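The values are calculated or read from the model by the stated rules, or taken from the named source; none is laboratory data. Quantities reported herein were computed from a predicted structural model and do not represent experimental measurements. Positions of Cβ are generated from backbone atoms using ideal geometry, with glycine treated the same way; all protein chains shown enter the neighbour counts.
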Amino acid sequence: MTAVRAPAPVGRAWTARFGLVWLGLWAAQLAPVQLLLPLQLEELDPVHKVRDLGLVNGVAGLAALVALPVFGALCDRTRSPYGRRRVWVAGGVTGYVAGLLLTGAADDWRSVAGGWSVAQLGMYAAMAGLTATLADQVPAGQRGTVSAAVYAPQALGILVGLLLVTGLGGGTGTGYAGLAVLLVLVALPWLLRSRDTAPDVRPRSLGAALRASWAAPTRHPDYGWAFGGRLLVNLGNALGTTYLLYFLTDGLRREDPEGSLLVLTVVYLVATVAATWGGGVLSDRTGRRRVFVAGAAVLQALACAVLVVAPSWPSALVAGLLLGAGYGAYTSVDQALVTQVLPDARTVAGDLGVMNVAAVAPQALAPLLASLVIAELGGYDVLFGLAGTVTVLGALSVARIRSVR
């Protein structure tokens with residue numbers, strides 16, 4: 001494994017700007033997935049809403065399989081007076097805004113899929129620059145804490161996005177436009193102040209970078225086990241959360257499913273933010289990663305078990321608490337762990353791009369799988385049982401890593 005040069009510690013202002021841009025990205029990602037896309041597709045085709053949501057997210061997931069490693073490899077090779085990482089964040093934010101506006105103007109599921117895919121390509125480009133920045137500029141002993149600035153905003157982004165969309169009113173098109181404006185505003189501090197570090201080494205060609213990144217999971221066992229764990233845990237989480245609005249509507253038959261979703265989101269938010277920061281800080285202080293990642297995955301599996309054994313509104317609140325705590329601790333510590341198993345300093349963004357496939361593709365592909373489970377295999381009980389099982393398998397994969405404590 002080629003070592004990455006140890007960078008200088010980063011300060012609170014740097015971390016705050018880094019967290020703000022992630023807040024905008026997550027709000028623009030998760031508010032549509034949780035609320036805008038389901039509502040928009042229900043308005044366009046209420047009979048096929050479950051199928052259409054699965055297809056829309058499935059198209060974006062397929063795009064992620066190609067775009068994330070390619071964007072990462074290109075980011076490693078980029079030469080720009082504005083820095084190779086920052087230019088990708090700026091381009092990604094621009095593409096994301098365009099995609100959100102296209103999605104809001106769509107009038108059938110195919111045009112929704114097209115607009116949302118453009119938005120997701122923007123997300124993937126920004127991720128390529130930002131995740132590589134973490135590996136470039138943050139010392140290993142701070143990565144758990146700084147990774148919390150990536151994933152604590154994920155929970156906050158859901159709440160901010162939902163509050164913004166519901167507060168604006170005016171239909172789904174207005175909601176997408178509001179998220180686009182929010183994204184630009186919170187990304188500007190990072191784009192105006194960030195400075196890239198000069199690269200020590202670069203891949204000799206795009207082809208060489210792509211080949212090295214795609215081969216990494218099979219040639220470097222710890223990187224491969226980390227990839228498998230991330231893929232499975234994120235798939236389990238996505239299976240358990242993507243159809244929450246429909247579960248509240250059709251499974252629990254809540255009188256106000258949108259209001260209930262907001263309550264669940266707040267519960268999830270509080271647990272996630274606390275666990276994200278707490279897990280990241282404790283992991284840095286103890287120098288241990290695997291035990292936090294595996295334990296957090298088990299908490300998520302317990303949340304799914306609660307919904308299978310006793311599906312009810314009180315159980316949903318308990319599950320939201322467990323899921324938030326588990327996913328919060330998992331995300332911050334797993335991101336730190338992943339940066340410590342990167343195999344080559346020349347292909348940091350490319351290798352993280354492959355890792356990002358394991359984080360993003362499940363969230364995009366899970367709706368398609370979940371729609372098949374709900375329609376053909378027994379409904380929400382089977383769905384939550386599958387989600388818990390997959391998450392436990394992810395914890396077992398992480399336990400096989402040997403180079404990180």
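Give me the residue from segment 337-353 that is hydrophobic (A, V, I, L, M, F, W, C) and either within 26 Å of LEU282 (Cα to Cα) or surrounded by fewer than 24 Cβ atoms within 10 Å (Cβ to Cβ) (or both) and, out of that set, modelled with the lowest pLDDT. Please lay out each step first, then the result.
Step one: list which residues in segment 337-353 are hydrophobic (A, V, I, L, M, F, W, C), which gives 337-338, 341-342, 345, 348-349, 352.
Those still in the list that are either within 26 Å of LEU282 (Cα to Cα) or surrounded by fewer than 24 Cβ atoms within 10 Å (Cβ to Cβ) (or both) too: 337-338, 341-342, 345, 348, 352.
Numbers: LEU337: 91, VAL338: 89, VAL341: 89, LEU342: 86, ALA345: 75, VAL348: 85, LEU352: 88.
Out of the qualifying residues, it is ALA345.
Among the residues of segment 187-199, is any more than 22 Å from SER283 (Cβ to Cβ), among the hydrophobic types (A, V, I, L, M, F, W, C), modelled with pLDDT under 80 and surrounded by fewer than 16 Cβ atoms within 10 Å (Cβ to Cβ)?
The initial filter retains those residues of segment 187-199 that are more than 22 Å from SER283 (Cβ to Cβ), namely 187-199.
Among the residues that remain, those that are also among the hydrophobic types (A, V, I, L, M, F, W, C) are: 187-188, 190-192, 198.
Filter once more, keeping what is modelled with pLDDT under 80: 198.
Add one more test, that the residue is surrounded by fewer than 16 Cβ atoms within 10 Å (Cβ to Cβ), and what stays is 198.
The answer is yes; a qualifying residue exists.
Counting just the residues of segment 6-58 that are modelled with pLDDT under 85 and surrounded by fewer than 18 Cβ atoms within 10 Å (Cβ to Cβ), which one comes out nearest to LEU262 (Cα to Cα)? Here the residue is ARG51.
Here is the figure for segment 75-86: residues that are assigned to a helix (DSSP H, G or I) and either aromatic (Phe, Trp, Tyr) or under 21 Å from the mean Cα position of the chain (by Cα) (or both) total 2.
Could you tell me how many of the residues in segment 155-199 are among the charged types (D, E, K, R) and either farther than 28 Å from TYR82 by Cα or within 20 Å of the chain's Cα centre (by Cα) (or both)? Before you say what the answer is, go through the steps one by one.
Our first condition is that a residue be among the charged types (D, E, K, R); within segment 155-199, this holds for 193, 195-196.
Add one more test, that the residue is either farther than 28 Å from TYR82 by Cα or within 20 Å of the chain's Cα centre (by Cα) (or both), and what stays is none.
So the count comes out to 0.
Pairs linking a residue in segment 90-113 that is more than 24 Å from ASP196 (Cα to Cα) to a residue that is in a loop (DSSP other than H, G, I, E, B), with Cβ atoms under 6 Å and 6 or more positions apart or on different chains, are VAL112/ALA106.
Okay, residues lined up against (1) touching an Asp or Glu at 6+ places or on another chain (Cβ under 6 Å); (2) surrounded by fewer than 24 Cβ atoms within 10 Å (Cβ to Cβ):
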| residue | (1), (2) |
| --- | --- |
| LEU282 | no, yes |
| VAL293 | yes, no |
| ALA297 | no, no |
| PRO311 | no, yes |
| PRO314 | no, yes |
| GLY326 | no, no |
| VAL333 | no, no |
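From the list ALA152, ALA128, the one residue that fits, being at pLDDT 90 or above and under 20 Å from the mean Cα position of the chain (by Cα), is ALA128. Scanning segment 366-396 for residues that are under 19 Å from the mean Cα position of the chain (by Cα) and either of a type in the set (Ser, Thr, Tyr) or under 13 Å from VAL50 (Cα atoms) (or both) yields a total of 6.
Can you tell me which residue within segment 164-179, out of those that are touching a helix residue (DSSP H, G or I) at 6+ places or on another chain (Cβ under 8 Å) and surrounded by fewer than 21 Cβ atoms within 10 Å (Cβ to Cβ), is modelled with the highest pLDDT? Among those residues, the one meeting the criterion is ALA177. Go through segment 59-89 and give me each residue that's surrounded by fewer than 19 Cβ atoms within 10 Å (Cβ to Cβ) and small (Gly, Ala, Ser). Within segment 59-89, SER80 is the sole residue that qualifies. When you scan segment 34-52, how many residues do you find that are within 21 Å of the chain's Cα centre (by Cα), more than 13 Å from THR103 (Cα to Cα) and among the aliphatic types (A, V, I, L, M)? Of the residues in segment 34-52, 1 are within 21 Å of the chain's Cα centre (by Cα), more than 13 Å from THR103 (Cα to Cα) and among the aliphatic types (A, V, I, L, M).
In this structure, does VAL181 turn out to be free of Cβ contacts under 8 Å to residues at least 40 places away in the same chain and not charged (D, E, K, R)?
Details: free of Cβ contacts under 8 Å to residues at least 40 places away in the same chain: yes; not charged (D, E, K, R): yes.
Taking the combined requirement at face value, the residue satisfies it.
Residues that are touching a helix residue (DSSP H, G or I) at 6+ places or on another chain (Cβ under 9 Å) and surrounded by fewer than 23 Cβ atoms within 10 Å (Cβ to Cβ) within segment 137-153 comprise GLN137, ALA140, GLY141, GLN142, THR145, listed in sequence order.
Closer than 30 Å to LEU74 by Cα, touching a Phe, Trp or Tyr at 6+ places or on another chain (Cβ under 9 Å) and at pLDDT below 85: is that true of THR331 in this structure? It would help to see each step written out before you state the result.
On the way: closer than 30 Å to LEU74 by Cα: yes; touching a Phe, Trp or Tyr at 6+ places or on another chain (Cβ under 9 Å): yes; at pLDDT below 85: yes.
Considered against the rule, which asks whether it is closer than 30 Å to LEU74 by Cα, touching a Phe, Trp or Tyr at 6+ places or on another chain (Cβ under 9 Å) and at pLDDT below 85, THR331 comes out as yes.
Among the residues of segment 319-351, the ones that are within 13 Å of the chain's Cα centre (by Cα) and farther than 18 Å from THR242 by Cα come to 4 in all.
How about segment 293-306: which of its residues are farther than 13 Å from ALA271 by Cα and modelled with pLDDT of 90 or more?
ALA301, LEU302, CYS304, ALA305, VAL306, listed by residue number.
Take the residues in segment 55-77 that are touching a Gly at 6+ places or on another chain (Cβ under 7 Å) and of a type outside the set (A, V, I, L, M, F, W, C), then tell me which one is nearest to SER371 (Cα to Cα). Let's see the steps before the verdict.
Of all residues in segment 55-77, those touching a Gly at 6+ places or on another chain (Cβ under 7 Å) come to 68-69, 71-73, 75-76.
Checking the rest, the ones that are also of a type outside the set (A, V, I, L, M, F, W, C) come to 69, 72, 76.
Numbers: PRO69: 27, GLY72: 31, ASP76: 37 Å.
The extreme case among them is PRO69.
Restricting the first member to segment 263-287 and to residues that are more than 14 Å from ALA329 (Cα to Cα), and the second to residues that are surrounded by fewer than 17 Cβ atoms within 10 Å (Cβ to Cβ) and of a type in the set (Lys, Arg), the beta-carbon pairs closer than 8 Å and six or more apart or on different chains are GLY287/ARG405. Looking across segment 297-318, the residues that are touching a residue at least 60 places away in the same chain (Cβ under 8 Å) and not β-branched (Val, Ile, Thr) come down to ALA297, GLN300, ALA301, LEU302, ALA303, CYS304, ALA305, LEU307, PRO311, SER312, TRP313, ALA316. Take the conditions modelled with pLDDT of 90 or more, under 17 Å from GLY279 (Cβ atoms) and surrounded by fewer than 22 Cβ atoms within 10 Å (Cβ to Cβ) and apply them to LEU321. Does it pass? In short, yes.
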